[in-house]
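J.: This structure is in structure tokens; I'll ask about it shortly.
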Amino acid sequence: MTSVADLGELAASGGRVVVCAPQVPCGAATRVLLAKNGLSISAVSEEQSVTDVLGKVTSGEADAGIVYRTDVVAAGSSVRGVDVPGADEVVNRYPAVALDPDDDLAAEFVDFVSGQEGRRILTEAGFGAP
């Protein structure tokens, strides 16, 4: 498969594309993203996790896959990511809250994650701003 520059080229490529299964969060997000862009992809495999999708791509079992930006960042030079318009509108939410109001360590953690240093770390990992 030749290199693709956008989601439309991926859908039209005819390459071996893997995605997450619809019942897992990455699969649900993929379905919404494709629908927002008016596209469909004939995947050769639907995986149970984004790690499995990435593994099929890095092992050569697949030509391409749809994964989160964070996974592309973590994979480093072993994959090439393509920005997809509208992907920032298809997000999974990861709430952080101290369940016990008297747990000082939990409150410290929430403050750290939502603070300047925590946001910097999350941004470097590919996460969007909370």
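The values are calculated or read from the model by the stated rules, or taken from the named source; none is laboratory data. All of these numbers come straight from a predicted model, not from anything done at the bench. Here the Cβ positions follow ideal geometry from the backbone for every residue, glycine too, while neighbour counts run over all protein chains shown.
J.: What is the one condition in (1) on the phi > 0 side of the Ramachandran plot; (2) surrounded by 12 or more Cβ atoms within 10 Å (Cβ to Cβ) that V84 does not satisfy?
T.: The one condition V84 does not meet is (1).
J.: Select from segment 95-105 the residues that are more than 28 Å from R69 (Cβ to Cβ) and surrounded by 10 or more Cβ atoms within 10 Å (Cβ to Cβ) and list them in ascending order.
T.: D103, D104
J.: Can I ask one more? In segment 61-74, what residues are surrounded by 16 or more Cβ atoms within 10 Å (Cβ to Cβ) and under 16 Å from C26 (Cβ atoms)?
T.: Answer for segment 61-74, where residues must be surrounded by 16 or more Cβ atoms within 10 Å (Cβ to Cβ) and under 16 Å from C26 (Cβ atoms): A62, A64, G65, I66, V67, Y68, R69, D71, V72.
J.: Looking at S77, is it not in a loop (DSSP other than H, G, I, E, B) and not β-branched (V, I, T)?
T.: The answer is yes for S77.
J.: Answer with yes or no whether S77 is surrounded by fewer than 13 Cβ atoms within 10 Å (Cβ to Cβ), in contact with a Pro (Cβ under 7 Å, 6 or more places away or on another chain) and farther than 19 Å from P25 by Cα.
T.: Criteria not met by S77.
J.: Do we have any residue at all in segment 25-41 that's of a type outside the set (V, I, T), free of Cβ contacts under 8 Å to residues at least 12 places away in the same chain and outside any helix (DSSP H, G or I)?
T.: Yes: segment 25-41 contains one or more residues that are of a type outside the set (V, I, T), free of Cβ contacts under 8 Å to residues at least 12 places away in the same chain and outside any helix (DSSP H, G or I).
Here is a yes/no grid of residues against (1) of a type in the set (V, I, T); (2) in the same structural domain as R69 (by TED's automatic domain parsing); (3) surrounded by 13 or more Cβ atoms within 10 Å (Cβ to Cβ); (4) closer than 16 Å to V84 by Cα:
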site: A11; (1), (2), (3), (4): no, yes, yes, yes
site: G15; (1), (2), (3), (4): no, yes, yes, no
site: K36; (1), (2), (3), (4): no, yes, yes, yes
site: S42; (1), (2), (3), (4): no, yes, no, no
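J.: Across segment 80-94, which residue is farthest from S59 (Cα to Cα) among those that are among the charged types (D, E, K, R) and outside any loop (DSSP other than H, G, I, E, B)?
T.: E89
J.: Ok, one more. Return yes when T58 is surrounded by fewer than 15 Cβ atoms within 10 Å (Cβ to Cβ), in the same structural domain as A12 (by TED's automatic domain parsing) and outside any loop (DSSP other than H, G, I, E, B) and no when it is not.
T.: When the stated conditions are applied, T58 passes them.
J.: Could you tell me how many of the residues in segment 110-130 are assigned to a loop (DSSP other than H, G, I, E, B), surrounded by 14 or more Cβ atoms within 10 Å (Cβ to Cβ) and not hydrophobic (A, V, I, L, M, F, W, C)?
T.: 1
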